[in-house]
Each structure stands twice: as structure tokens, then as C-alpha cells.
1. Would you say G101 is of a type outside the set (A, V, I, L, M, F, W, C), in contact with an Asp or Glu (Cβ under 9 Å, 6 or more places away or on another chain), under 15 Å from L60 (Cβ atoms) and at pLDDT 95 or above?
2. Of all residues in region 104-123, count the ones that are assigned to a loop (DSSP other than H, G, I, E, B) and either modelled with pLDDT of 90 or more or more than 26 Å from T38 (Cα to Cα) (or both).
3. Which of the residues spanning region 79-113 are aliphatic (A, V, I, L, M), under 15 Å from N51 (Cβ atoms) and open to solvent by 50 Å² or more (accessible area, probe 1.4 Å)?
4. What number of residues within region 42-51 are part of a loop (DSSP other than H, G, I, E, B) and in contact with a Lys or Arg (Cβ under 7 Å, 6 or more places away or on another chain)?
5. So is K53 among the basic types (K, R), touching a residue at least 40 places away in the same chain (Cβ under 8 Å), touching a strand residue (DSSP E or B) at 6+ places or on another chain (Cβ under 9 Å) and more than 15 Å from I26 (Cα to Cα) or not?
6. Return a yes/no flag: does region 124-136 have any residue that is part of a strand (DSSP E or B) and of a type in the set (A, V, I, L, M).
7. Pairs, please: C-beta under 9 Å, at least 6 apart or cross-chain, first residue closer than 19 Å to L91 by Cα and surrounded by 10 or more Cβ atoms within 10 Å (Cβ to Cβ) and in region 124-135, second of a type in the set (A, V, I, L, M) and modelled with pLDDT of 70 or more?
Amino acid sequence: MAVFGNNTSKDTKKEIIEQSNAETRIGKGAILDGNIQTYGPVRLDGKIVGNIKSKSKVVLGETSSLQGSILAQNAEISGEVKGLIEIVDLLTLKSTAVINGDIVCNKLIVEAGAVSNGSCKMGNMVKEIKINDNTKKNAHDSKQKQVV
């Protein structure tokens with residue numbers, strides 16, 4: 001990595017690949033008040049008040065609760081969601097899923113017993129997932145402040 005943020009595209013691609021292999025987990029009993037943005041997969045068994053954005057798969061376990069939106073490549077939901085769900089490829093609603101909000105996805109699998117209260121639009125309508133990466137800028141800014 002270059003000292004002054006002059007990363008080549010090869011370095012940037014390598015960093016994105018490394019980030020996409022990292023998994024984010026929020027365990028049962030944990031509560032997060034805020035948003036998650038990641039290149040890698042997300043597993044939620046606790047509660048989030050905020051939004052989840054992932055360029056990979058989002059899995060919500062049976063004990064999960066999300067008050068916010070999901071934007072992801074794929075998702076499998078067994079818990080409760082209050083908010084908009086936008087999935088680029090495949091959304092799977094397990095039998096214990098309770099959705100209170102709209103769904104936009106390309107493909108949908110719904111198991112018997114799943115509950116969905118909201119509209120559902122299917123087809124290739126979901127926008128590209130863009131992850132805001134301010135970590136490099138913030139790290140660079142903090143280094144400059146320390147030097148002064």
C-alpha cells in the first residue's frame with residue numbers, strides 16, 4: 001500500500017477480495033444500533049436497528065430482528081424484518097420469516113409458513129450495490145493531523 005493513497009488498481013482489487021472473504025456476525029442477544037456496509041457475507045442472530053448493505057449474502061437466523069432495510073446480492077431470512085428488502089439475485093424466506101415491508105428481488109423462494117406484509121416486485125430491477133469506503137480517506141486524514 002502506498003503511503004499517500006496512490007494505490008494501484010491491482011492493490012485495490014486485492015483489498016476488495018480480502019474484504020469479501022471477511023464475514024460479519026451479530027450473535028444472539030447482541031443489539032446493534034447503526035448501519036452495516038460490507039463486501040462479505042453477514043449473519044444476524046441478534047437485533048439491528050439500522051440498514052444492512054452487502055455485496056454478498058445476508059442471513060437472518062430465527063432469533064434475528066432487523067428494523068431497517070437490506071440491500072444485498074442474496075439473502076436468506078428466518079427472522080423478522082421491518083423495512084425494505086432489495087435483493088439483486090435470490091431471496092429465500094424460510095418458514096419462520098416475518099416481513100413487514102416491501103420486497104424487490106430478481107428471484108424469490110417462499111417456504112410454507114413465511115409471512116410477508118407488503119408489496120413484492122420481481123424481475124431484474126434492483127440497482128447496483130455500492131459500498132461507501134471512507135476508511136482510506138479517514139485514515140489518511142488522521143495521519144495528516146498527527147504529523148502536524
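The values are calculated or read from the model by the stated rules, or taken from the named source; none is laboratory data. Here the structure is a predicted model, which is why all the values come from computation and not from measurement. Counting neighbours? That spans all protein chains shown, and the Cβs are built from the backbone with ideal geometry, glycine included. SASA here: full protein model, heavy atoms, side chains in, ligands and nucleic acids out. Shrake-Rupley method; radii C 1.70, N 1.55, O 1.52, S 1.80 Å.
1. On the way: of a type outside the set (A, V, I, L, M, F, W, C): yes; in contact with an Asp or Glu (Cβ under 9 Å, 6 or more places away or on another chain): no; under 15 Å from L60 (Cβ atoms): yes; at pLDDT 95 or above: yes.
Judged against the criteria, G101 is not a match.
2. From region 104-123, those assigned to a loop (DSSP other than H, G, I, E, B) are 111-114, 118-119, 123; that's our starting set.
Keeping just the survivors that are either modelled with pLDDT of 90 or more or more than 26 Å from T38 (Cα to Cα) (or both) gives 111-114, 118-119.
Summing the residues that are assigned to a loop (DSSP other than H, G, I, E, B) and either modelled with pLDDT of 90 or more or more than 26 Å from T38 (Cα to Cα) (or both) in region 104-123 gives 6.
3. L84
4. Looking only at that region, the number is 2.
5. On the way: among the basic types (K, R): yes; touching a residue at least 40 places away in the same chain (Cβ under 8 Å): yes; touching a strand residue (DSSP E or B) at 6+ places or on another chain (Cβ under 9 Å): yes; more than 15 Å from I26 (Cα to Cα): no.
Criteria not met by K53.
6. Within region 124-136, none of the residues are part of a strand (DSSP E or B) and of a type in the set (A, V, I, L, M).
7. Close Cβ pairs (under 9 Å, with a partner that is of a type in the set (A, V, I, L, M) and modelled with pLDDT of 70 or more) amount to M125/V104; V126/L71; V126/I87; V126/V88; V126/V104; I129/L71; I129/A72; I129/V88.
To keep it simple, each residue is scored yes or no on (1) part of a strand (DSSP E or B); (2) over 12 Å from the mean Cα position of the chain (by Cα); (3) among the small types (G, A, S).
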position	(1), (2), (3)
G40	no, no, yes
K53	yes, no, no
S56	yes, no, yes
E62	no, yes, no
L66	yes, no, no
A72	yes, no, yes
E76	yes, no, no
V81	yes, yes, no
